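The values are calculated or read from the model by the stated rules, or taken from the named source; none is laboratory data. All values reported here derive from a predicted model rather than from experimental measurement. Don't worry about glycine lacking a Cβ; one is built from the backbone with ideal geometry, like all the others, and counts go over all protein chains shown. With ligands, DNA and RNA removed, areas are computed over all heavy atoms of the protein, side chains included. Shrake-Rupley method; radii C 1.70, N 1.55, O 1.52, S 1.80 Å.
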Amino acid sequence: MPLDSHDVAARMRSGDVAAFRELVECHTASLVRLAARLIGDVQLAEDVVQESFVKAHRVMTDGSFEERGRIGMWLHRVVTNGAMDARRRHRRFRSGAEPPDWSTSTGDVENRVALRELAAWLDQLPE
């Protein structure tokens, strides 16, 4: 069930820790999948999602959260921006180097090949 943005934001501003926990539990899996597709690295994707939740918490508790839409869509935008920033940073560090090993502890060969293809396609996109 989608969380009510107004309710979650209000609860967080009032100091309700459980509201943020609900937000994290509800959205983490889909956000990690999104970031992993954009970056091609599950561990880096998890870091991006964690950083995004820190940003979201700050925005939602300081009162600057604009409650214009669904909170899930806003979180997807925050994670997408964070993933693209991480991808640009990662690209700068590996210029001239061999392609990174995109393997994950849970991935199989087909997933690794797909992630490498995705990474190559994303590298071709303009900044």
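Some points to look at:
- Placing dummy labels 7 Å off each Cα toward the beta-carbon, the span from residue 120 to residue 25 is 4.3 nm.
- When the convex hull of its Cα atoms is projected in every direction, mean area for segment 18-60 (nm²): 2.8 nm²
- Residue 28 - accessible surface, heavy atoms, 1.4 Å probe, Å² rounded to 10: 50 Å²
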